[in-house]
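Structure first, then comments.
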Amino acid sequence: SLADVVLDSYHAGGCTTTREAFEVGALVVTLPAQYLGSRWSLAYYSIMGVTDLVAETREEYVDIAVRMATDKAAAEEVRVRIVENRHKLFRREEAVEAWMDVYKTMAAGGVRREGTEENEGERE
């Protein structure tokens, strides 16, 4: 292992990078921000049921990273749970079905953005 802990970048968190880190059992510490681009790691951890490395504040982000880098037993316990649950991120039939439903709805014209000219009259 080249790194004891991977730090998810703030404001633009990992997506592919996080998945690749999980594939090798790496620990990714994340601090989700408000927008989608920073919430991929949180989403992956939520699917796996492993949220120990998800911080809510900058201070907690630092604390978690330091603890995982210095407490080898705690880090190994989290690493084992990541390895045991990472399969939940890949080849998920329900994800394929959910995307198919979205595309079918869009193709049928059922998705409209609020505030666009074409549906302004619908709100009146």
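The values are calculated or read from the model by the stated rules, or taken from the named source; none is laboratory data. If you're wondering where the values come from, they're calculated on a predicted model, not measured in any experiment. Positions of Cβ are generated from backbone atoms using ideal geometry, with glycine treated the same way; all protein chains shown enter the neighbour counts. Just the protein is used for accessible areas: all its heavy atoms, side chains included, with ligands, DNA and RNA removed. Shrake-Rupley method; radii C 1.70, N 1.55, O 1.52, S 1.80 Å.
Tabulated data
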item: Cα-based helix-to-principal-axis angle, 93-107 vs the chain, degrees rounded to 10; result: 30
item: Ellipticity estimate at 222 nm from DSSP helix runs (n ≥ 4, -39,500 (n - 2.57)) divided over the chain, nearest 500; result: -14500 deg cm²/dmol
item: Distance in nm between pseudo-label sites at Ser9 and Ala33 (7 Å out along the Cβ direction from Cα); result: 1.1
item: Percent carbon-and-sulfur accessible area, the chain, ignoring ligands, DNA and RNA, probe 1.4 Å; result: 54
item: FRET efficiency, 1/(1 + (r/R0)^6) with R0 30 Å, evaluated for Tyr103 and Glu60 via beta carbons; result: 0.20
item: Average accessible area per residue (Å²) across the chain - probe 1.4 Å, nucleic acids and ligands excluded; result: 69
item: Extended-chain gain in nm, criterion 0.36 nm per residue less alpha-carbon gap, Glu84 and Arg67; result: 4.0 nm
